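J.: Below you'll find the structure I mean.
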Amino acid sequence: MTVTISRLYNSYAQAQEAVRALEAAGIAHNDISIIASNADNWYKENGKPSTFPDRDLDGKDDRAEAAGTGAGLGAAAGGTAGLLAGLGLMAIPGVGPVVAAGWLVATLAGAAAGAATGGILGALTQAGISNDDAQVYAEGLRRGGAVVSARVKDADASRLQAVIDRSSVKLPDRASAYRKSGWQSFDAKASPYTADQVRKERQLYG
């Protein structure tokens, strides 16, 4: 039987290490997905900060809209591991700009285009994350984080969870920290974090 394991990370760099650790542990890149905030433009195309085409001026990434209607997500080369070579850009309501790769991309593209029920929360719960945890994952993405999900054999789940736990966020602690600041749940209508806000957020958690 196959199960899905997921973790939240403070940054793409930490999530990237988790992806590489999973691949080193024998998980095929086709069974791994990564979603990471690009609010601070860490991901660049042709040496320049990535920007989203918005020819119809509706505030949405045209490539994500096209993907939501079946045209496919625009992807660019990046990273060295197999999965990381397929990173693509999209903008998700409430989260902002993200890069993504793997089996979750089709669902995420629907969320970006408003075609998926529940938006980013729907995409995360479809990946096997509980609704309560998905709320924190989505807010973590909004604040500059990254999510890694992997489809693994049930018998291997405990071993592989230990592999990706190494630099992951302790979710109950993070949820508690968010709530102490007044947060209650993810809001898809909230403004995405700016690059400055993301940097300040990451400083809070080292």
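J.: Could you pull out the trypsin sites (Lys or Arg not before Pro) across the stretch 128-206 that fall in loop regions by DSSP (anything but H, G, I, E, B) with no more than 16 other Cβ atoms inside 10 Å?
T.: On the way: sites: Arg142, Arg143, Arg151, Lys153, Arg159, Arg166, Lys170, Arg174, Arg179, Lys180, Lys189, Arg199, Lys200, Arg202; in loops: Arg143, Arg166, Lys170, Lys189.
The qualifying sites are Arg166, Lys170, Lys189.
J.: Moving to a separate point now. Hey, with R₀ at 45 Å, roughly what FRET efficiency would Ser181 and Ala24 work out to, going by the Cβ-Cβ distance, to 0.05?
T.: Values: r = 37 Å, r/R0 = 0.81.
Computed FRET efficiency for Ser181 and Ala24 comes out at 0.80.
J.: Treat each spin label as a single point 7 Å out from the Cα along the C-beta direction, and report the Asn41 to Met1 distance in nm.
T.: It works out to 4.8 nm between the two label points.
J.: With θ set to phi - 60° and the Karplus curve 6.51 cos²θ - 1.76 cosθ + 1.60, what are the ³J(HN,Hα) couplings of the stretch 14-26 in order, to the nearest whole Hz, using x for Gly and Pro?
T.: Values per residue, Gly and Pro as x: 5, 5, 4, 5, 5, 4, 5, 5, 5, 5, 5, 7, x Hz.
J.: Rounded to the nearest 0.05, what FRET efficiency do Asp196 and Lys153 have when you use their Cβ-Cβ distance and R0 = 41 Å?
T.: That pair, Asp196 with Lys153, gives E of 0.45.
J.: Working out 0.36 nm times the residue gap between Tyr205 and Ala13, then minus their Cα-Cα distance, what length gain in nm do you get to one decimal?
T.: 67.7 nm
J.: So what are the ³J(HN,Hα) numbers for the stretch 30-44, from phi and the Karplus equation (6.51, -1.76, 1.60; θ = phi - 60°), rounded to whole Hz, Gly and Pro as x?
T.: In residue order, the calculated couplings are 5, 9, 10, 10, 9, 10, 9, 4, 10, 4, 9, 6, 5, 8, 10 Hz.
J.: Cα centroids of the stretch 93-108 and the stretch 130-203: how far apart, whole angstrom?
T.: The stretch 93-108 and the stretch 130-203 have Cα centres separated by 14 Å.
The numbers here are math on the coordinates, done by the rules we state, and not lab data. In this text, all values refer to a predicted model and were calculated from it rather than measured experimentally. A quick note on method: Cβ atoms are made from the backbone with ideal geometry, for glycine too, and the neighbour counts reach across all protein chains shown.
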